[in-house]
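The values are calculated or read from the model by the stated rules, or taken from the named source; none is laboratory data. Note that the coordinates shown come from a computational prediction; the quantities given were computed from them, not determined experimentally. Note that each Cβ is placed from the backbone with ideal geometry, even for glycine, and that neighbours are counted across all protein chains shown. What goes into the accessible areas is simple: the full protein's heavy atoms, side chains included, and nothing from ligands, DNA or RNA. Shrake-Rupley method; radii C 1.70, N 1.55, O 1.52, S 1.80 Å.
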Amino acid sequence: MRTDDIFPAALSADRDYLLNGDMSRQPCVFYFRKSIGDDFATQVLRCVQYARSAGLRLDASIGVDGVYYDEDKSGSKDIERPGYNKLMSDIMSGNLSGRLIVVRDQDRLSRRESSVLEEYHVVTELSKVRTFDSSGREIKDDVTTGIIGVLNRSEAKIIGHRQRIRKELRAIEGKPPASRMRRTGYTPGYTAIEWEEAKILRRARKKVVAGQSLTSICNEMRKNEIVKQNGKPYLVSDLSRLLRDPVYAALRTFSRDIEVEGKVIPRGQAVAKGAWPRIFTEEEHYEVVKILVRNASWATDSSPKHLLTGILVCGECGTKMAFGSKRGNPHKDGTKKPHYVYRCQKARGGCGRVSRNSDALEGFFLELTYQAIKPLPVVKGKVVDTSADEIVRQERKISDAVEAFKNDDIDIAALANIRRDAQKKIVDLRKTQAAKSQPLPVDDAEAFLESRDIDKQRDTIRRFFPVVGVKVAGQGVRFHPRQLVFPESA
Ligand SMILES: [Zn+2]
């Protein structure tokens, strides 16, 4: 068997580079071990990424094209590991001297009792062969390696780590993003195009390119009763997000920065060409993106500019209320004056039944919050909180235990126990810390009222009243506090 079966096709360029690029680089070999719930692909990805970043080359003259591997499906110690045995014998006979051994994680060498690792350390040290994991940590006979060896035997925490790598690999391979929600325009799993939705997107794209505004396109869609999957109308922000998404040109992006063939691709940018059906060609995609980005100031600026946005919700349907103006009845002289209101908007998927005077609402909440702050003691700077000291104490416990382990006062099982125990306490303490009230954004009640910083004021109000409902009440927009609904939990 050759290693073609082990290296995913998407990494073949990386592999060529490691085998045939600059030959003056430090040579290395890889060791992979397959086991239940693990595969070669994610091990290859991480080792390849590390080797590139560390400026190594893969030495194809030893092992199988520079690779040693085992296919054992179990971590039990009776299973034969021909790849590992070959690696050990090559180390002992000096075939590997001057090479580095790279593994994805220490647990690929051994997840069994420490005697296996101890033997590994002795043999590699004698033969002057060094071993690195894919994060660049040297695996040698030190305390860290010992502790990781103990923790590795509790499998759980490693699984999340592997799933992360698997997601990256799916992206590099151009597989469709995994998601619980069906993507607008596609059947589940991106297997086919949902034609009715695709047509909506294609039409909207054409209109944008022709110079029509997203607002006017949304209005047309609302008139034609075109709605999203959840039955709510398309908003400007929805349309802007969808039309800019590379997924419709079958371009695969990733949710974090990702390293591909030695280059870091920033999140959201195309990582690979996908194999799923396209709704837009790449040219069509980039064409509409260029127009929408030019208009980004209005298309994406969604930061609230009013005191109570994000706090007030419609007491009838639960939709967040928006700031806006409403024309009132004409005065006696025939003039109409606009009322400024917070309202439940149909355009945002609401019932449209509630709108109340914004000045009255804002004035009321400023006063209410002012009264809530006034009785509070003025706390400047440090909040009295002992959990920080307790965290330091638990951290010291761990370092003491490590010290004791080094001096042979306790064995590694005791160290692992102490560590796990203290770590759990630290996590709990951090939770309490987060739950305890942080200082308010303003110093005191007067500073709150006088502040010219609307974001600061809104943050302060939200600390006392995270969500407040506004009930429908007759005609007009006059506000009375009894129209407010304060949720129990808030
Ligand atoms: Zn409503």
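In the complete set of protein chains, residue-level accessible area for residue 194 is approximately 70 Å², probe 1.4 angstrom.
Find the relative contact order for segment 188-299 and round it to a whole percent, using C-alpha pairs within less than 8 Å whose residues are 6+ positions apart. Don't skip to the answer; put the middle values down first.
Values: 115 pairs, mean separation 30.4, N = 112.
Once normalised by length, the contact order is 27 percent.
Give the ranking of 244, 356 by solvent-accessible surface, highest area first, calculated with a 1.4 Å probe. List each step's numbers first, then the result.
On the way: 244 80, 356 10 Å².
My answer, sorted largest first, is 244, 356.
In the chain, the DSSP-assigned H stretches of four residues or longer account for a calculated mean residue ellipticity at 222 nm of -13000 deg cm²/dmol, using -39500 (n - 2.57) per stretch and the full residue count as denominator.
Take every Cα pair under 8 Å whose residues are at least 6 apart in sequence, average their separation, divide by the length of the chain, and the relative contact order is 10 percent.
When segment 3-172 is described by a simple charge dipole with +1 on each Lys and Arg Cβ and -1 on each Asp and Glu Cβ, the residue from 35, 144, 82 located farthest towards its positive end is 144. Taking all C-alpha pairs of segment 188-299, those more than 19 Å from each other amount to 49 percent.
Starting from the Cα gyration tensor of segment 247-296, take the square roots of the eigenvalues, sort them a ≥ b ≥ c, and report rounded, prolate or oblate (rounded when a/c is under 1.5, otherwise prolate if a/b is larger than b/c, else oblate). The shape class here is oblate.
Remark: segment 172-284 carries a charge dipole of roughly 300 debye about the Cα centre, counting +1 on each Lys and Arg Cβ and -1 on each Asp and Glu Cβ. 3J(HN,Hα) along segment 310-327: x, 9, 7, 10, 5, x, 9, 10, x, 6, 5, 7, 10, 7, x, 10, 9, 7 Hz, from the Karplus curve 6.51 cos²θ - 1.76 cosθ + 1.60 with θ = phi - 60°, whole Hz, x for Gly and Pro. Amide H to amide H, with H built 1.01 Å from N, residue 260 comes under 5 Å of 265, counting only residues 5 or more places away or on other chains.
Per residue, the chain exposes 55 Å² of accessible surface when a 1.4 Å probe is rolled over the protein heavy atoms with every protein chain present.
For segment 3-172, lysine pairs with C-alpha atoms less than 28 angstrom apart, excluding pairs fewer than eight positions apart on the same chain, total 20. Derived scalar couplings between HN and Hα for segment 270-287 equal 4, 9, 7, 7, x, 9, 7, x, 8, 9, 10, 6, 4, 4, 4, 4, 5, 4 Hz in order, rounded to whole Hz, by the Karplus curve 6.51 cos²θ - 1.76 cosθ + 1.60 (θ = phi - 60°), x for Gly and Pro.
What is the extension gain from residue 26 to residue 215, computed as 0.36 nm multiplied by their sequence separation minus the C-alpha to C-alpha distance, in nm to one decimal?
Numbers: separation 189, 0.36 × 189 = 68.04 nm, distance 5.85 nm.
The span from residue 26 to residue 215 would gain 62.2 nm if fully extended.
Can you bin segment 20-105 into rounded, prolate or oblate? Criterion: square roots of the alpha carbon gyration tensor eigenvalues sorted a ≥ b ≥ c, rounded for a/c under 1.5, prolate for a/b above b/c, oblate for the rest. Judged from the Cα gyration tensor, segment 20-105 comes out oblate (a/c at least 1.5, b/c at or above a/b). Determine the shape class of the chain: with a ≥ b ≥ c the square roots of the Cα gyration tensor eigenvalues, call it rounded for a/c under 1.5, and otherwise prolate if a/b is greater than b/c, oblate otherwise. The shape class here is oblate.
Candidate cross-link partners of residue 374 among the aspartates and glutamates, defined by an alpha-carbon separation under 13 Å and a same-chain spacing of 8 or more, comprise 443, 444, 446. Solvent-accessible surface (1.4 Å probe) assigned to residue 148 amounts to roughly 50 Å².
Give the value in nm², to one decimal: projected area of the alpha carbon convex hull of segment 387-435, averaged over all directions. Display every interim value, and only then the final one.
Details: hull surface 11.6 nm².
If I average the Cα hull's projected area over directions, I get 2.9 nm².
As a test, work out the antiparallel percent of DSSP beta bridges whose residues both lie in the chain, rounded to the nearest 5.
On the way: 21 of 38 bridges.
Given both bridge residues lie in the chain, the antiparallel proportion sits at roughly 55 percent.
Per the 1.4 Å probe, what fraction of the accessible area of segment 3-172, in percent, lies on carbon and sulfur atoms? Each step should come with its number before you reach the end.
Values: 3770 of 7230 Å².
Summing carbon and sulfur atoms, their accessible area is 52 percent of the total for segment 3-172.
Note on residue 390: accessible area approximately 60 square angstrom, rounded to 10, probe 1.4 Å, nucleic acids and ligands left out. For residue 337, the lysines whose Cα comes closer than 23 Å to its Cα, not counting residues fewer than 8 places off in the same chain, are 305, 326, 346.
Largest accessible area first, the residues 472, 48, 293 order themselves as 293, 472, 48 under a 1.4 Å probe with ligands, DNA and RNA left out. The Stokes-Einstein estimate for segment 3-172, based on a Kirkwood radius over Cα pairs and taken at 4 °C with 1.567 mPa s viscosity, is a diffusion coefficient of 80 µm²/s.
Amide H contacts of residue 345: 322, 350, 352, each under 5 Å away and 5 or more positions distant or on a separate chain (H built 1.01 Å from N in the peptide plane; Pro and chain starts excluded). Largest accessible area first, the residues 105, 4 order themselves as 4, 105 under a 1.4 Å probe with ligands, DNA and RNA left out.
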